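Have a look at the structure below, then the notes.
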Amino acid sequence: MPLSHPALQFSHPLPYGAIPLDGGVQFVVFSRSATAVRLLLYDNVADAEPTEIVRYDPESDRWGDMWSVFVPGIGPGQLYHFQADGPYEPQRGHRFNGRARLIDPYARALVGNFLPAADGVVRPPKCVVVDDTFDWQGDRHLRRNLAETVIYEMHVGGFTRSRTSGAAHPGTYLGVIEKIPYLKSLGVTAVELMPVHEFPINNCFGGTDERPNYWGYDPLAFFSPHRGYAVGTEPGAQVAEFKEMVRALHSAGIEVILDVVFNHTAEGNELGPTLSFKGLENRVYYMLDNGGSRYRNYSGCGNTVNGNHPIVRELIFLCLRHWVLNYHVDGFRFDLASILSRDRNGELLPNPPLVETIAEDPLLADTKIIAEAWDAAGAYQVGSFANLRWAEWNGRYRDDARRFWRGEPGTLGALATRLAGSSDLYQHSGRRPYHSINFITSHDGFTLNDLVTYAHKHNEANGEQNRDGENLNHGDNYGVEGPTNRRAVTKIRGRQIRNFLSTLFLSQGVPMLLFGDECRRTQQGNNNAYCQNNDISWFDWELVEKHVDLERFTKALIAFRKRHPAVRRSSFLKGEPLAPGMLPDVSWFSADGGAVNWDNGDLSLTCLLAAPPSQNAEDPPRHILLMCHAGPLPREFTVPELARHLRWSLFINTAADAPADIFPNLDGPELRPNARLTLLDRSLVCFVSSR
């Protein structure tokens, strides 16, 4: 039998979690309705039973709703769970189970997997007491302006897990370090990491469903780096390895943005297991329905975190500070962020306390905060999420760019608006073009290769009879569903990929590139690969060599964007001269060089983008002449009269074969004065003014 004794020393009610102190560790947990709380201590990861149980004295160890105990003689590396007695009254929202082993909501690390259930009670991974001391070697946040940012969305495991990566530590934080030279060569300035806080490695719900949670959108512990991406197996190894990765990325000039999931947890609905929050204070941590017996499901994942309850709001707020202070991360992308705008009854608030708290926190002032401004229950707040501190994933950008290049009539004005920074969405609230995070593809949906290869999703491998995933993708296969050797089809697919990439990196706003799109990574038509921890999702590094021309094309676009302020303005374009005698900041023309008829269903557009003034005589700014044609037949374009007094050199021609598809040194063929040129179907050309 495990030893059981009370605490031996006076403790304090804050901070939360397991805090190493001189001579021992303080354990603090919140529970308003518990009648008794116990601390279970383990010696080994594989132990099914605790070696010691510490019982909290409700008279001396409880401060309000905080249970706090100091245990002497232990320190970092100690393994533990909580356990709580209390009412089991689902009809009132109480789900206490005195036999359940509970993860500390503030646990700094987890270790091990789920152990076989005993008496129907799940045994989750154990919590680890962590010492956050680390030699940062002077590392600080890079503080790059959002307008200067190029984001690369990637999965830590999938980036190097393939045998083709050649990584010594595939699928890990250290594996990412090995590929930093590649990231640096691309020119990206930030990586946006899909969830790295703890989530189940193996199935914790029982039954026969063994689909892995590859993406990680199923959190167990918000303060803990995922143990599955660590090389070391000792308790807490992931903490140091994550910090090593951040330090190395910063040394290369690359910021780290975390995709955080504060909208639901792995505990699921009323049929799901009790792993942490349910067994400590279910009515506080979750939005409940039907008197408390059921969970509101605005996340589409069974439950919804009650983010605007003061207790939960504090947890999220302290968690963000934890990642910024202890891990030096540079920003956050909030998954299904509209849920953070809902009150305890699920109603959308005009000024949500949590959203405002995040925006106003002084410790987060240097970080980037990005909202996925929608949720699974119909809220869609793109363009209207919160205040000036918040940027947004611009889903409208993705859809409008896809629809235009797919050749849908009536999309010309939408394309122009997206190219110009989406003022229709952000200007009215005082936000800037850089509050728009532009993307064509993301983890959620087709890869760029698959967007032009499949007209329909192919998610059969997910085991849901192809019912899962988005049905409306605005993609096309150009005559053949899936891979083909037909030259005409492969030509147009390659052209469309270059069209999308060019549009993305020449638009006002902040571009986000999905990892592998620069070398045609495919998921074989799967647009919801959440459970595909295999070659379907992993980065195939042989593609880098196979599609070296596309990688070269992407690098040149990123380098151009970083050098030329005309495509990354901090203010919205007005169509007016920046100063007397100068060109208007932006001018739009039809293919014949005249005024644009935005309503005639045309699919051809010319944009003259004037460079802002610069004092750099060695590298003066360049004006940009962009011609887009999404029609199915060739189209003749006339150079607008406003542009004829300038000398223009070809930068991009998406219809040309490499290396003539892009001229990284801006030394392509010159455009003849008064010239007319024919654009092939579905193609784009870009000229840059000569010095």
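Values quoted throughout were computed directly from the atomic coordinates according to the rules given, and no laboratory measurement underlies them. Note that the structure is predicted; figures quoted are calculated from it, not measured. All Cβ positions, even for glycine, are placed from backbone atoms using ideal geometry, and neighbour counts span all protein chains on display.
Descriptive notes on the structure:
- Within the stretch 467-549: Cβ-based charge dipole about Cα centre, in debye rounded to nearest 20 (Lys, Arg +1; Asp, Glu -1): 420 debye
- Point-charge dipole on Cβ atoms (K/R +1, D/E -1) for the stretch 3-128, about Cα centre, debye to 20: 380 debye
- Correct option for Cα extents along the principal axes in Å [calculated from the coordinates] among (1) 91, 66, 59; (2) 83, 52, 49; (3) 91, 53, 50: (3)
- Listed residue (Gly73, Val29, His12) projecting farthest to the positive dipole end of the stretch 3-128, Cβ model: Val29
- Relative contact order (%) - the chain, alpha-carbon pairs under 8 angstrom, separation at least six: 10 percent
- Calculated on the alpha-carbon coordinates, the convex hull of the stretch 257-370 measures out at 99 cubic angstrom per residue.
- With a cut-off of 11 Å between beta carbons, the residues surrounding Ser299 carry a summed charge of -1, where Lys and Arg count +1 and Asp and Glu -1.
- Among 363-374, 561-572, the order from most to least packed when residues are scored by Cβ within 10 Å on average: 363-374, 561-572
- Under the simplified labelling scheme, the Thr490-Arg163 pair shows an inter-label distance of 2.5 nm, with each label point 7 Å from Cα along Cα→Cβ.
- Farthest toward the positive end of the dipole of the chain, out of Tyr217, Val261, Val548, is the Cα of Val548, where the dipole comes from beta carbon charges about the Cα centre.
- For the peptides 258-269, 422-433, residues were scored by their other Cβ atoms within 10 Å and the scores averaged per peptide; the highest-first order is 258-269, 422-433.
- Amide N of the stretch 389-423 lying under 18 Å from the label point, which is placed 7 angstrom from the Cα of Asp599 along Cα→Cβ: 409-417
- If the segment from Arg672 to Tyr380 were pulled out straight at 0.36 nm per residue, it would be longer than the present Cα-Cα gap by 100.4 nm.
- Among beta bridges that DSSP assigns inside the stretch 3-128, antiparallel share in %, nearest 5: 90 percent
- Label positions at Ala658 and Leu633, each projected 7 Å from the Cα along the C-beta direction, are separated by 3.3 nm.
- Computed from point charges on the beta carbon alone (+1 for Lys and Arg, -1 for Asp and Glu), the dipole magnitude for the chain about its Cα centre is near 1680 Debye.
- Packing-based order for 539-550, 224-235, 440-451, using average beta carbon neighbours within 10 Å, highest first: 440-451, 224-235, 539-550
- DSSP-defined beta bridges in the chain - what % are antiparallel, rounded to 5: 70 percent
- Listed residue pairs exceeding 29 Å between alpha carbons, taken from Lys368/Lys574; Lys243/Lys278; Lys457/Lys491; Lys491/Lys555: Lys243/Lys278
- Unit charges at the beta carbon, dipole of the stretch 3-128: most positive-side option, Tyr88, Pro125, Pro58: Tyr88
- Subtracting the Cα-Cα distance of Glu641 and Leu348 from their residue separation scaled by 0.36 nm leaves 100.4 nm.
- Taking every C-alpha pair closer than 8 Å and separated by at least 6 residues, the mean separation divided by the residue count of the stretch 3-128 gives a relative contact order of 26 percent.
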